2 protein chains.
Amino acid sequence: MDIALINPFLAAAKHVLKTMAGVDVRPGKPFLKKDDLAKGDVSAIIGITGVASGSMALVFTEKCILGIVSSLLGESYPKINDDVRDAVGELTNMICGDGRRRLAADGFSLQAGVPTIVSGKDHSIRHFADGPRLAVPFETDHGAFMVEVAFGKPH
Amino acid sequence: MDIALINPFLAAAKHVLKTMAGVDVRPGKPFLKKDDLAKGDVSAIIGITGVASGSMALVFTEKCILGIVSSLLGESYPKINDDVRDAVGELTNMICGDGRRRLAADGFSLQAGVPTIVSGKDHSIRHFADGPRLAVPFETDHGAFMVEVAFGKPH
């Protein structure tokens, strides 16, 4: 997998969460994902096509996403509801859009589908890509989340 | 939402499950999805771009997908494991590919990302599209599943 396709999305996640929600995110060490161990309570999934075909997932624990969305909207959200899910969709669109703009500046053209938001305690995500799947853990003051990107051959 | 974009995917789901897995599927009445009531145990999500930007989700109960995959692979699968998840990814790619071929014959060109498979008891799916979200319930002898398609403006 071309790391040049991944880094712009990680930079975008950091930039969007900082500027939109005032949340500092600290990226951890990326690793190749061999199984589905990462579990989350809310995930956003978005399909990507263009020079490569793939998918990006943002996988949040409940505590982390409630902290981020409360900070984003300036209001306390004690539990996951439709407002929280819509905010996750907006954030994902912004992160994906920002990542695509960074890639376009490097000469790569990608298109994105619309985000799908999954809610459910301890669900797991498996990318069905024919290439490797990269996972990057992020830390925030509200807890951890994971960005996963998988690309395969365009089709 | 242009129903012309949806019908080929429903025909494809019926065709692929019948020819590949020998499973008869009976489509129910499509409805516009206003909330996230449909819950599943295994879902496949795939992003779509091109003349429209959107996402398709196949949402299965555990009983239904185990029946379908056991029939597809000719071996009994009593619980959800990576083989089952990969089979769901393959089926989703086939359904999406078949749907896109049908659309191409009608003059519509769409690209697809790679499927993402979500596992987790009773998770729910929310499409973050700026257009309506259509849900179609299907019945099989193994139980029910749902096909959901949402399209928005291309971006």
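The values are calculated or read from the model by the stated rules, or taken from the named source; none is laboratory data. Treat the numbers as computed from the prediction; the structure is a model and nothing was measured. Cβ coordinates were reconstructed from backbone atoms using ideal geometry, including for glycine residues, and neighbour counts include every protein chain displayed. When the accessible area is computed, the model is the full protein with side chains, heavy atoms only, and any ligands, DNA or RNA have been set aside. Shrake-Rupley method; radii C 1.70, N 1.55, O 1.52, S 1.80 Å.
The figures follow:
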{"item": "Ranked order, B:MET146, A:MET56 - accessible area, probe 1.4 Å, largest first", "result": "B:MET146, A:MET56"}
{"item": "Sparse-neighbour loop sites [trypsin sites (Lys or Arg not before Pro); segment B:42-98; at most 10 other C-beta within 10 Å; DSSP]", "result": "B:LYS79"}
{"item": "Heavy-atom accessible area per residue - chain A, 1.4 Å, Å²", "result": "40"}
{"item": "Cβ neighbours within 10 Å from other chains - mean over B:104-114", "result": "5"}
{"item": "Pair B:VAL51, A:ASP82: separation of 7 Å Cα→Cβ label points (nm)", "result": "3.1"}
{"item": "Selection from A:GLY50, A:PHE145, B:ILE46, by position along the positive dipole direction of the protein assembly as shown (Cβ)", "result": "A:GLY50"}
{"item": "Gaussian network model of chain A, Cα within-10 Å springs - most flexible of A:GLU75, A:GLU139, A:GLU90", "result": "A:GLU75"}
{"item": "Inter-chain Cβ neighbour average for residues B:47-57, partner chain, 10 Å", "result": "5"}
{"item": "Nearest 10 degrees, 0 to 90: helix B:62-73 Cα axis against chain B principal axis", "result": "80"}
{"item": "Inter-centroid distance (Cα atoms) of segment A:75-129 relative to segment B:29-89, Å", "result": "20"}
{"item": "Relative contact order computed over chain B (Cα-Cα under 8 Å; 6+ residues apart), in percent", "result": "39"}
{"item": "Cα-centred dipole magnitude for the protein assembly as shown, charges only on beta-carbon of K, R (+1) and D, E (-1), debye, nearest 20", "result": "320"}
{"item": "Dipole magnitude of segment A:1-152 about its Cα centre (Cβ charges: Lys, Arg +1; Asp, Glu -1), debye to nearest 20", "result": "320"}
{"item": "Farthest toward positive dipole pole in chain B [+1 Lys/Arg, -1 Asp/Glu at C-beta], among B:LEU91, B:GLY67, B:SER124", "result": "B:SER124"}
{"item": "Most mobile listed residue (A:ALA21, A:ALA57, A:ALA105) in chain A, GNM with C-alpha springs under 10 Å", "result": "A:ALA105"}
{"item": "Projected label distance in nm at B:GLU75 and B:ALA105, using a 7 Å step from Cα toward the beta-carbon", "result": "3.4"}
{"item": "Inter-probe distance in nm under a simple model that places probes 7 Å from Cα toward Cβ, at A:LYS29 and B:ALA4", "result": "5.4"}
{"item": "Summed buried accessible surface, chains A and B, 1.4 Å probe, nearest 100 Å²", "result": "2900"}
{"item": "Average beta carbon contacts from partner chains per residue of B:128-134, 10 Å cutoff", "result": "3"}
{"item": "16 Å reach of a label modelled at A:HIS15, 7 Å along Cα-to-Cβ, counting backbone N of segment A:115-136", "result": "none"}
{"item": "Lysines whose Cα lies under 28 Å from that of B:LYS29, excluding same-chain neighbours fewer than 8 positions away", "result": "B:LYS14, B:LYS18, B:LYS39, B:LYS63, B:LYS121, B:LYS153"}
